[in-house]
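Everything on this sheet refers to the single structure shown next.
The values are calculated or read from the model by the stated rules, or taken from the named source; none is laboratory data. Just so we're clear, the structure is a prediction, and the values are computed from it rather than from any experiment. Ideal geometry is used to build each Cβ from the backbone, glycine not excepted, and the neighbour counts take in all protein chains shown.
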Amino acid sequence: MCAHDHGELPDDPSVCIPGRSGLTTASAATGPTAVGVGPAARPWPEDARLDPDLLEHGDRRNVVDRYRYWSVEAIVAELDTRRRPLHIAIQNWEHDFNIGSVVRTANAFNVAGVHILGRRRWNRRGAMVTDRYLHIHHHPDVPDFLTWLEAHGITPVGVDNLPGSVALESATLPRDCCLVFGSEGAGLTDEVVAGCSQLVAITQYGSTRSMNAGAAAAIAMWAWGRQHPVHP
């Protein structure tokens with residue numbers, strides 16, 4: 001992926017194959033930054049999932065080939081049919097710039113929901129527009145967040161290298177769980193830790209006390225996926 005055009009574009013033109021969508025392009029994009037697909041050749045197929053504006057002008061978004069020319073609403077509806085039973089939560093007490101990175105990874109794992117605790121505003125640039133395809137929940141405080149999880153039968157699991165944390169690689173993660181991440185530097189607050197059913201930490205071998213929150217979230221989501229694989 002790349003950051004061209006505010007996150008709308010993937011960095012590898014080879015992954016954008018118009019034929020996979022059942023459509024052909026009227027004119028191919030050219031040049032070193034040509035990505036995605038150009039305008040679709042007429043006549044356009046009768047498919048309610050397709051966005052007329054994208055068909056007319058081309059689709060340069062950061063989406064996989066199967067969703068070329070689809071509207072955002074159609075993509076979300078299809079993703080909803082196969083969401084993973086995993087939620088992600090991030091404390092946003094310090095307007096953390098890593099939130100965008102966490103959200104982008106959450107999209108890659110097609111999680112059921114992303115929860116922002118604290119400030120409603122967060123830097124979306126790092127998400128590269130992927131938040132449009134996720135269900136984002138905002139919680140003004142920790143009690144509101146924990147009440148929501150309990151009502152939906154979701155177990156909160158804190159991810160932080162705190163005393164009492166179990167090594168992620170040896171921990172058993174619930175299927176219906178919410179991985180909770182703290183702000184960069186400050187980590188999880190005591191209030192969140194008290195509300196979590198367990199704490200897990202990523203084993204480190206170097207000199208740094210902690211790793212980037214975005215990187216930690218990606219590792220934790222991958223670890224959860226290993227324990228709860230998708231079966232055909």
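Overview of results
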item	result
Options LEU54, LEU79; residue that is farther than 30 Å from LEU117 by Cβ, aliphatic (A, V, I, L, M), surrounded by fewer than 21 Cβ atoms within 10 Å (Cβ to Cβ) and without any contact (Cβ under 8 Å) to a residue 60 or more places away in the chain	LEU54
Members of segment 207-232 that are among the β-branched types (Val, Ile, Thr) and farther than 15 Å from ALA89 by Cα	THR208, VAL230
Only listed residue being buried (at least 17 other Cβ atoms within 10 Å of the Cβ), of a type outside the set (Phe, Trp, Tyr) and more than 18 Å from the chain's Cα centre (by Cα), chosen from VAL102, VAL142, VAL159	VAL142
Unmet criterion (only one of (1) surrounded by fewer than 16 Cβ atoms within 10 Å (Cβ to Cβ); (2) assigned by the TED database to the domain that holds TRP222; (3) farther than 17 Å from LEU179 by Cα) for MET128	(1)
Options ARG42, ARG68: the member that is crowded, with 21+ Cβ neighbours inside 10 Å and not aliphatic (A, V, I, L, M)	ARG68
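Residues are listed down the side, and each one gets a yes or a no for (1) over 14 Å from LEU134 (Cα atoms); (2) modelled with pLDDT under 95:
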site	(1), (2)
GLY36	yes, yes
ASP59	yes, no
VAL63	no, yes
TYR67	yes, no
VAL102	no, yes
ILE116	no, yes
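Here's the yes/no breakdown for (1) within 21 Å of the chain's Cα centre (by Cα); (2) surrounded by 15 or more Cβ atoms within 10 Å (Cβ to Cβ); (3) under 30 Å from ASN62 (Cβ atoms); (4) at pLDDT 90 or above:
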residue	(1), (2), (3), (4)
PRO163	no, no, no, yes
ALA186	no, no, no, no
SER207	no, no, no, yes
TRP222	yes, no, yes, yes
PRO229	yes, no, yes, yes
